[in-house]
Amino acid sequence: MTKYVLFLIYYISFQNLFSQQKEFVVKFISEPIQADAILDEPAWSRADSATDFWQYFPEDTVQSSNQSTIKMLYDKQNLYIGIKVNSIGDKYVIPSLRRDFRAGGSDNITLMFDTFNDGNNAFLFGVNPWGVRREALVSGGGTDLSGFTTSWDTKWYAETKIYDGYYISEWVIPLSAFKFRPGATKWRFNSYHFDTQGNEQNTWMRIPRSQFIFNLAFMGDMIFERPLERSRTPVSIIPYVNGTLERDYEFHSEINEFKMGGDAKFAIGNSLNLDLTFNPDFSQVEVDNLVTNLTRFEINLPERRQFFIENSDLFSDFGHLSDANPFFSRRIGIAKDRDGINRPNQIIAGARLSGKVNNNFRIGVLNVQTGNDEEYDIEATNNMVIALQYRIFSRSSISAVLVNRQHTSNTFNRVVGLDYNLANLDNSWNGKFYLHKSFSPGVLEDDLSTGVNLTYNGEHWRFRGSGLLLQDNFTSDLGFIPRKGVLKVDPQMEYLLFPSKGSVNAHIFSIVPEFFWKPKSNFQLADYNIISTWKIGFKNTSEVTASLFNRYTFLFEDFEPTRSKGTPLPANTDYYYTSGQLRYSSDNRHFFSYNLGVNYGQFFNGTVLTPNLDFNIRLQPKYLFSVQARYDKVELPKPYATNDIWLLGSKVDITFTRSLFWATIVQYSNQEQNFGINSRLQWRFAPLSDMFLIYNDNYFTNDVLIPRYRSITLKVTYWLYL
């Protein structure tokens with residue numbers, strides 16, 4: 001009986017520990033504040049303080065060793081923030097002077113603002129000790145990395161100075177950078193601080209280390225002394241000019257062109273945005289990383305184009321992100337020609353309306369028109385998405401979506417759907433339930449996609465029940481759907497153990513059995529993959545992961561896994577195969593950090609050996625050099641393919657100043673038969689305004705390098721506030 005009482009006391013104490021609410025008052029001022037990192041204006045002495053930070057790593061139940069203090073003031077135009085971050089020395093880790101850095105492995109402090117108090121979306125701002133800024137949007141409650149968008153940009157100002165034993169940062173953020181309801185008196189708020197010298201990650205509100213550090217379920221309150229007034233959000237006009245010299249050796253074309261276009265941003269009230277784009281150009285977007293694909297399915301690559309990123313969760317978080325996503329924005333601007341080859345397709349213009357109608361109701365409308373290309377028989381196409389989201393209970397929501405792709409020949413594809421997203425107050429339960437239906441000419445049945453996901457997140461245990469059904473005729477031309485006509489079940493069980501002593505910070509044991517059946521073939525088993533994993537996290541932030549994969553595959557079609565045009569494995573054959581993987585990630589706070597991995601085992605009716613390595617050398621704060629290497633030795637019995645597949649890449653990132661950057665990426669893949677160079681010089685000559693010089697050079701890689709594609713581009717963009 002005693003042990004049950006003790007357990008109950010412990011459980012109640014643990015729940016109380018993470019449910020204690022904190023708040024501070026943001027006072028209204030009329031005197032000016034200058035962002036100089038001195039904090040000598042008299043108003044700062046009257047400001048309330050947000051302090052008493054708690055550790056998130058390596059512990060989550062003790063206060064941080066080096067405290068931070070945050071003060072805030074505001075007037076009718078701006079939010080002013082003064083921050084003091086204590087440290088044990090001045091050996092800060094500053095990997096780069098480039099804006100929008102990632103927090104991990106470096107010193108920085110980050111603030112998050114949930115301006116609608118919904119626990120689902122937040123604005124994020126941060127700096128490092130050298131005053132390099134970052135901003136991001138957090139969506140989906142901050143429950144996974146897919147809801148963290150660093151490509152969002154807005155104008156704000158910050159200055160940071162390093163002193164003996166601490167650094168001070170002073171910010172000015174225009175209230176127009178936020179979306180909020182006029183008359184609001186409270187925002188939810190949290191902050192996290194990465195301290196590499198103290199080897200701590202700290203948060204203002206306590207967050208269990210079983211959750212992400214940017215989880216929006218754990219936030220305090222910032223109380224405004226006076227209700228917020230409607231902010232004057234200026235109209236933003238962002239024109240560009242672009243000159244390109246391009247030669248395509250593969251398709252025997254040469255282009256010398258001058259382009260003009262631009263974007264415009266209009267605020268509708270304090271909570272809605274209207275974004276317009278005309279003749280957009282994305283030449284400055286960083287090239288995709290090459291990947292080795294040994295599967296039968298398409299690879300999902302992230303969206304990098306600015307126009308499609310802001311409020312992207314509202315449009316793209318429907319269905320199942322990796323198996324049944326009805327809207328995948330990278331489909332826009334790509335079209336298949338008469339031979340089924342993917343070709344770039346000009347975007348003529350686009351419009352996006354997105355934001356909050358009220359505290360509970362979000363709306364998104366996206367419409368993009370692409371042009372025709374008579375040379376390749378590509379039709380002009382209208383691409384439209386309408387998304388509605390209504391919050392219910394504390395953090396849950398019901399969402400509806402319409403996806404439409406309409407060609408000038410009047411052929412079309414449409415999807416309508418309804419999603420219920422579950423998230424309780426402390427994120428111990430979250431999940432999704434959805435039902436989608438597609439409409440295509442001549443298709444009247446078997447056109448549904450439906451799924452369920454329910455996850456319990458406890459201090460030590462995580463359970464997930466998950467499955468989906470994709471019928472044979474469900475189609476979304478604008479979606480990402482690797483396979484159809486399947487029933488998938490993939491539950492998960494995970495146990496987290498946190499030792500109180502020693503060098504190990506966490507043991508994580510998990511098992512994920514993933515099964516696919518074909519309902520139209522008498523529920524024949526198509527695939528399974530049982531993944532068993534043991535991850536060990538050390539207090540110095542390094543990690544070791546061991547995984548075991550037990551697989552079964554039935555081939556319904558011929559398949560050549562190396563994609564080398566060898567003899568394929570025949571259809572109507574099945575394979576049982578097992579492999580293991582071991583990975584090590586070093587402490588990324590050091591100037592030299594690396595990841596090592598090896599995978600070996602059975603592969604269909606043969607074997608595969610996959611060692612891989614990537615490392616980073618940091619000569620802070622200006623030089624960052626990285627190398628990635630992967631080798632796949634696939635050996636199948638004759639007459640099937642045996643192949644050595646190489647994937648090599650390197651990146652040199654030089655940040656001369658906080659406004660001048662040069663990045664060069666070199667990649668080689670013999671599976672893609674491509675050697676590519678992408679070099680980009682960027683000068684930020686004014687806030688959010690840039691000049692780019694971009695050089696691309698690609699070669700076929702057979703026995704010798706043969707030119708494939710080459711271009712040089714000069715582009716200038718200017719962000720104008722009216």
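The values are calculated or read from the model by the stated rules, or taken from the named source; none is laboratory data. Since the structure is predicted, the reported quantities are computational estimates derived from the model, not experimental observations. Neighbour counts are summed over all protein chains in view; Cβ atoms, including those assigned to glycine, are modelled from backbone coordinates with ideal geometry.
Six or more apart or on different chains, Cβ under 7 Å: which pairs go from a residue in segment 698-719 that's within 19 Å of T664 (Cβ to Cβ) to one that's of a type in the set (K, R)? Could you list them?
Partner pairs satisfying both residue conditions: N698/R708; Y699/R708; R710/R247.
Checking N300 against (1) over 26 Å from S394 (Cβ atoms); (2) part of a loop (DSSP other than H, G, I, E, B); (3) modelled with pLDDT of 90 or more, which test does it fail?
Failed condition: (3).
Are there any pairs, at least 6 apart or on different chains, whose C-beta atoms fall under 7 Å, with the first in segment 471-491 and in the same structural domain as A335 (by TED's automatic domain parsing) and under 10 Å from K518 (Cβ atoms) and the second part of a loop (DSSP other than H, G, I, E, B) and among the β-branched types (V, I, T), and if so, which?
none
For segment 228-274, name all the residues that are without any contact (Cβ under 8 Å) to a residue 24 or more places away in the chain, surrounded by 12 or more Cβ atoms within 10 Å (Cβ to Cβ) and among the charged types (D, E, K, R).
Here is the first cut: in segment 228-274, the ones without any contact (Cβ under 8 Å) to a residue 24 or more places away in the chain are 251-261.
Subsequent filtering for residues that are surrounded by 12 or more Cβ atoms within 10 Å (Cβ to Cβ) retains 259, 261.
If the condition is that a residue be without any contact (Cβ under 8 Å) to a residue 24 or more places away in the chain, surrounded by 12 or more Cβ atoms within 10 Å (Cβ to Cβ) and among the charged types (D, E, K, R), then K259 is the only one that fits.
Of all residues in segment 336-352, which are surrounded by 11 or more Cβ atoms within 10 Å (Cβ to Cβ), of a type outside the set (D, E) and part of a loop (DSSP other than H, G, I, E, B)?
Across segment 336-352, the qualifying residues are N345, Q346.
Taking the stated definitions as given, is G319 surrounded by 15 or more Cβ atoms within 10 Å (Cβ to Cβ) and either over 20 Å from T450 (Cβ atoms) or of a type in the set (G, A, S) (or both)? Show your work before the answer.
Working: surrounded by 15 or more Cβ atoms within 10 Å (Cβ to Cβ): yes; either over 20 Å from T450 (Cβ atoms) or of a type in the set (G, A, S) (or both): yes.
Spelling it out, G319 is indeed surrounded by 15 or more Cβ atoms within 10 Å (Cβ to Cβ) and either over 20 Å from T450 (Cβ atoms) or of a type in the set (G, A, S) (or both).
Residues are listed down the side, and each one gets a yes or a no for (1) more than 29 Å from N698 (Cβ to Cβ); (2) out of contact with any Phe, Trp or Tyr (no Cβ under 6 Å at 6 or more places or on another chain):
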{"position": "F556", "(1), (2)": "yes, yes"}
{"position": "F559", "(1), (2)": "no, yes"}
{"position": "P570", "(1), (2)": "yes, yes"}
{"position": "Y584", "(1), (2)": "yes, yes"}
{"position": "Y594", "(1), (2)": "no, no"}
{"position": "G606", "(1), (2)": "yes, yes"}
{"position": "V634", "(1), (2)": "no, yes"}
{"position": "L647", "(1), (2)": "no, yes"}
{"position": "L660", "(1), (2)": "no, no"}
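Just one of the numbered conditions (1) at pLDDT below 95; (2) of a type outside the set (K, R); (3) closer than 23 Å to T607 by Cβ is not true of N588; which one?
Of everything listed in (1) at pLDDT below 95; (2) of a type outside the set (K, R); (3) closer than 23 Å to T607 by Cβ, N588 misses just condition (3).
Answer yes or no as to whether N698 is at pLDDT 95 or above, closer than 26 Å to L294 by Cα and not hydrophobic (A, V, I, L, M, F, W, C). If you could, list the steps in order and put the result at the bottom.
On the way: at pLDDT 95 or above: yes; closer than 26 Å to L294 by Cα: yes; not hydrophobic (A, V, I, L, M, F, W, C): yes.
Yes.
Being touching a Pro at 6+ places or on another chain (Cβ under 8 Å) and either assigned to a loop (DSSP other than H, G, I, E, B) or over 21 Å from N670 (Cα atoms) (or both) is the filter here, so list the residues in segment 552-565 that pass it. Let's see the steps before the verdict.
Within segment 552-565, the subset touching a Pro at 6+ places or on another chain (Cβ under 8 Å) is 555, 558-560.
Matches in segment 552-565: L555, D558, E560.
Could you pull out the residue among S449, S510 that is under 30 Å from L555 (Cβ atoms) and crowded, with 20+ Cβ neighbours inside 10 Å? Reasoning before the result, please.
Values: S510 fails: crowded, with 20+ Cβ neighbours inside 10 Å.
Every option except S449 fails the conditions.
Taking only segment 44-79 into account, find how many residues are buried (at least 19 other Cβ atoms within 10 Å of the Cβ) and free of Cβ contacts under 8 Å to residues at least 40 places away in the same chain.
2
Is it true that I654 is without any contact (Cβ under 8 Å) to a residue 40 or more places away in the chain, over 30 Å from P570 (Cα atoms) and under 25 Å from the mean Cα position of the chain (by Cα)?
Details: without any contact (Cβ under 8 Å) to a residue 40 or more places away in the chain: yes; over 30 Å from P570 (Cα atoms): yes; under 25 Å from the mean Cα position of the chain (by Cα): yes.
Taking the combined requirement at face value, the residue satisfies it.
Would you call F474 among the aromatic types (F, W, Y) and part of a loop (DSSP other than H, G, I, E, B)? I'd like the intermediate steps shown before the answer.
Working: among the aromatic types (F, W, Y): yes; part of a loop (DSSP other than H, G, I, E, B): yes.
Criteria met by F474.
Taking segment 153-168 only, how many residues are within 26 Å of the chain's Cα centre (by Cα) and either on the phi > 0 side of the Ramachandran plot or free of Cβ contacts under 8 Å to residues at least 12 places away in the same chain (or both)? Steps first, please.
First, pick out the residues of segment 153-168 that are within 26 Å of the chain's Cα centre (by Cα): 153-158.
Subset that is either on the phi > 0 side of the Ramachandran plot or free of Cβ contacts under 8 Å to residues at least 12 places away in the same chain (or both): none.
Residues meeting the conditions: 0.
Report yes if T370 is outside the structural domain of D118 (by TED's automatic domain parsing), crowded, with 18+ Cβ neighbours inside 10 Å, out of contact with any Leu (no Cβ under 6 Å at 6 or more places or on another chain) and among the hydroxyl-bearing types (S, T, Y), otherwise no. Full working, then the answer.
On the way: outside the structural domain of D118 (by TED's automatic domain parsing): yes; crowded, with 18+ Cβ neighbours inside 10 Å: yes; out of contact with any Leu (no Cβ under 6 Å at 6 or more places or on another chain): yes; among the hydroxyl-bearing types (S, T, Y): yes.
In short, yes.
Just checking, does segment 482-490 include any residue being surrounded by 15 or more Cβ atoms within 10 Å (Cβ to Cβ), touching a Ser or Thr at 6+ places or on another chain (Cβ under 7 Å), modelled with pLDDT of 95 or more and over 26 Å from S396 (Cβ atoms)?
For segment 482-490, residues surrounded by 15 or more Cβ atoms within 10 Å (Cβ to Cβ), touching a Ser or Thr at 6+ places or on another chain (Cβ under 7 Å), modelled with pLDDT of 95 or more and over 26 Å from S396 (Cβ atoms): absent.
Go through segment 118-233 and tell me which strands (runs of 3 or more DSSP E), entirely inside it, have 2 or more residues that are within 24 Å of S659 (Cα to Cα). Explain how you work it out, then say what you get.
Values: elements: 122-127, 133-138, 157-163, 166-174, 186-195, 200-203, 220-224.
Once the strands (runs of 3 or more DSSP E) in segment 118-233 are filtered for at least 2 residues that are within 24 Å of S659 (Cα to Cα), what remains is 122-127, 133-138, 157-163, 166-174.
Considering only segment 85-117, state which residues are part of a strand (DSSP E or B) and surrounded by fewer than 20 Cβ atoms within 10 Å (Cβ to Cβ). Give the derivation first.
First, the residues of segment 85-117 that are part of a strand (DSSP E or B): 85-86, 108-114.
N86, the sole residue that qualifies.
May I ask you to list the residues in segment 306-326 that are outside any helix (DSSP H, G or I) and within 16 Å of the chain's Cα centre (by Cα)? Break it down stepwise before answering.
Step one: of segment 306-326, the residues outside any helix (DSSP H, G or I) are 309-311, 317-326.
If the condition is that a residue be outside any helix (DSSP H, G or I) and within 16 Å of the chain's Cα centre (by Cα), then I309, E310, N311, D317, F318, H320, L321, S322, N325 are the ones that fit.
Surrounded by 14 or more Cβ atoms within 10 Å (Cβ to Cβ), assigned to a strand (DSSP E or B) and in contact (Cβ under 8 Å) with a residue 24 or more places away in the chain: is that true of R330 in this structure? Step through it out loud before you land on a result.
Numbers: surrounded by 14 or more Cβ atoms within 10 Å (Cβ to Cβ): yes; assigned to a strand (DSSP E or B): no; in contact (Cβ under 8 Å) with a residue 24 or more places away in the chain: yes.
No; evaluated as a whole, the condition is false for this residue.
Residue by residue through segment 275-291, note down the ones that are surrounded by fewer than 17 Cβ atoms within 10 Å (Cβ to Cβ) and charged (D, E, K, R).
E286, D288
Let's see how each residue does on (1) touching an Asp or Glu at 6+ places or on another chain (Cβ under 8 Å); (2) among the hydroxyl-bearing types (S, T, Y); (3) in contact (Cβ under 8 Å) with a residue 60 or more places away in the chain; (4) outside the structural domain of D317 (by TED's automatic domain parsing):
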site	(1), (2), (3), (4)
L145	no, no, yes, yes
F148	no, no, yes, yes
E170	yes, no, yes, yes
I173	no, no, yes, yes
F180	no, no, yes, yes
T185	no, yes, no, yes
R188	yes, no, yes, yes
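Would you confirm whether or not segment 243-266 contains a residue that is touching a Phe, Trp or Tyr at 6+ places or on another chain (Cβ under 6 Å), of a type in the set (G, A, S) and over 29 Å from S711 (Cβ atoms)?
Residues of segment 243-266 touching a Phe, Trp or Tyr at 6+ places or on another chain (Cβ under 6 Å): 243, 248, 261-262.
Then keep just the ones that are of a type in the set (G, A, S); that gives 243, 261-262.
Still in the running and over 29 Å from S711 (Cβ atoms): none.
Checked segment 243-266: no residue is touching a Phe, Trp or Tyr at 6+ places or on another chain (Cβ under 6 Å), of a type in the set (G, A, S) and over 29 Å from S711 (Cβ atoms).
State all residues of segment 392-423 that are farther than 14 Å from K437 by Cβ and under 23 Å from the mean Cα position of the chain (by Cα); if no residue qualifies, say none.
R395, S396, S397, I398, S399, Y420, N421, L422, A423
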